[in-house]
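The next block holds one structure in the form of structure tokens; read it before the comments.
The values are calculated or read from the model by the stated rules, or taken from the named source; none is laboratory data. For clarity, every value in this text was computed on a predicted model and none was experimentally measured. Neighbour counts are summed over all protein chains in view; Cβ atoms, including those assigned to glycine, are modelled from backbone coordinates with ideal geometry. Just so you know, the surface numbers come from the protein's heavy atoms only, side chains and all, with ligands and any DNA or RNA stripped out. Shrake-Rupley method; radii C 1.70, N 1.55, O 1.52, S 1.80 Å.
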Amino acid sequence: MPEKFDVIVVGAGPAGTACALQTARAGLKVLLIERGEYPGSKNVMGGVLYRKQLEELIPEFWKEAPLERPIIEQRFWMLDKESVVSFGYKGLEWGAEPYNNFTILRAQFDQWFAQKAVEAGALLINETVVTECIVENSKVIGVRTDRPDGELYADVVVLADGVNSLLSKQLGFHKEFRPDEVALTVMEVINMPKEKINDRFNLEENQGTTIEIFGDSTKGNLGTAFLYTNKESLNIGVGTTLSSMIKARLKPYDLLDYLKNHPLVKPILQGGESAEYLAHLIPEGGFRSVPKVAGNGVLVVGDAAQLVNAIHREGSNMAMYSGKLAAEAVIKAKERNNYSESSLNSYREALYGSFIMKDLEKYKDAAHIFEKHPQYFKEYVPMMNKAMSKFFTVDGTPKRDKQKQIMKSITAERGTIRVIQDMYRAWKAVK
Ligand SMILES: Cc1cc2nc3c(=O)[nH]c(=O)nc-3n(C[C@H](O)[C@H](O)[C@H](O)COP(=O)(O)OP(=O)(O)OC[C@H]3O[C@@H](n4cnc5c(N)ncnc54)[C@H](O)[C@@H]3O)c2cc1C
């Protein structure tokens, strides 16, 4: 019989590594399996890492982790063809300890994070694909890998294999995605000297900006684009739900080109050099798409469990936190020497009691509503732009008359009742 572990974690992304780190710290015998050449080599992310959930695992991690810039400004752009309505928040307090969030490059960050799990005692093996879970008497007892004699055994297997999670599909936890449950996002890393970045974004040394872009960035389809500052590069990306892409016959790379050539985006990128193109799915089905997360001898964490809050751009923090909760459940199960579904269900309970499921529940209807009612992105964004242009153009019209004209043009385009209905529906979706 091959060597047996207390826990095998499949996937060394934020979710799997957090779980491996915590279980190894508790003295368990942990194996972390990653298919990439090294952790992060295959991973894609816009790049915003939140401080809170990682700090719970590694206090003051910002003193040693490979981070790009602390974010001191978060902007939101409602983009039209040749104009933008923007709002946001810039706070210098975010540029000092304990910080709020940082941009990161996953290829560097994931390696560093996985090394922490290794230092805590986990065994990491790279370039190894887990092909299936080994199931005996309805209990997961290990995994089969693509290596010769590649069967490995454990009391618990934690599936942290990302959005596609073929392994939880194999166990019947997941069905195939509906096209409205996932977003396809493409992004590019554009190298640029740091002085240029600082000038263009009005930043000092070690300060960063994020811009989330709605409206014309996705040609009015449900989705968003982003532009984030790294030390010496920018991350620019755009994505829509697969269903929107199919319906509008969009090609992801054409959409990114369209964004990069938008007259308000192009000058920001000017002089930059394309370094990398990446594409990935994001699970955006929300609360109703979360699969079964605990079974006999098995737990599902992170993107594999569809734990992404698309409205707040939170994924990696939820992945880490779910990995931590899964580790706590595994440690408890070990103390009880009981790895049944009912024992491991303490993970499910903790997950549903945490901010993760509370936030996903809060927005459970949002994506479906915005997808069903395309006017929010297609009609209201241009309307807002027109309204602002009118409001700020000094043409001798008294301001009260201007306000009346703006209201009239909005209600004339959609009708008063429909505008009220739209506003009420949007408020209900995010309240
Ligand atoms: C374009 C884009 C932008 C994003 N921007 C942000 C952002 O700004 N902020 C944020 O918080 N989140 C963001 N996210 C979401 C975030 O990236 C994910 O939520 C997060 O990475 C999930 O972590 P994970 O560990 O669950 O999965 P992953 O990071 O996908 O890691 C899964 C790991 O499992 C490995 N693996 C998969 N299958 C196997 C197998 N069979 N055998 C062995 N190894 C396997 C993979 O190689 C990978 O290393 C973004 C996502 C995308 C695609």
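Take the Cα of Glu335, step 7 Å toward its Cβ, do the same at Lys175, and the gap between the two points is 3.8 nm. Label sites at Thr393 and Tyr89, each approximated as a point 7 angstrom past Cα along Cα to Cβ, lie 3.4 nm apart. Volume per residue of the convex hull around the Cα atoms, evaluated for segment 291-431, comes out as 123 Å³. Diffusion coefficient of segment 148-231 by Stokes-Einstein, Kirkwood radius over Cα pairs, 4 °C, 1.567 mPa s: 74 µm²/s. The residues of segment 147-270 expose, per residue, 42 Å² of accessible area to a 1.4 Å probe. Note on the chain: with a GNM built from Cα contacts shorter than 10 Å, the maximum mean-square fluctuation among Ala107, Ala305, Ala327 falls on Ala107. Hydrodynamic radius of segment 179-283 by the Kirkwood approach over all distinct alpha-carbon pairs: 14.0 Å. Applying the Kirkwood pairwise sum to the alpha-carbon positions of segment 38-77 produces a hydrodynamic radius of 12.3 angstrom. With all protein chains in place and a 1.4 Å probe, the accessible surface of the chain carries 52 percent carbon and sulfur. Here the Gaussian network model covers the chain, with springs between Cα atoms less than 10 Å apart; of Thr103, Thr241, Thr411, Thr411 fluctuates the most. Starting from one equal scatterer on each C-alpha and no solvent at all, send me the Debye-based log10 I(q)/I(0) for the chain at q = 0.07, 0.10 Å⁻¹, two decimals. Debye output, listed in q order: -0.37, -0.73. Across segment 234-322, counting alpha-carbon atoms alone, Rg and Dmax equal 16.9, 55 Å. Checking the cross-link pairs Lys52/Lys260; Lys175/Lys260; Lys52/Lys116; Lys266/Lys378; Lys139/Lys169; Lys402/Lys428 against a 24 Å limit on the alpha carbon distance flags Lys52/Lys260; Lys175/Lys260; Lys402/Lys428 as lying beyond it. Dipole of the chain computed with +1 at Lys/Arg Cβ and -1 at Asp/Glu Cβ about the Cα centre; of Leu227, Ile58, Gly88, farthest Cα towards the positive end is Gly88.
For segment 71-87 versus segment 392-431, the inter-centroid distance based on Cα atoms is 20 Å.
Could you quote the convex hull projected area for segment 367-430, Cα atoms only and averaged over all directions, in nm²?
It is 4.6 nm².
In units of the compact-protein estimate 2.2 N^0.38 Å, segment 329-380 shows a Cα radius of gyration of 1.88. Seen from Thr411, the other residues with C-beta closer than 14 Å to its C-beta sum to a net charge of +2, counting Lys and Arg as +1 and Asp and Glu as -1.
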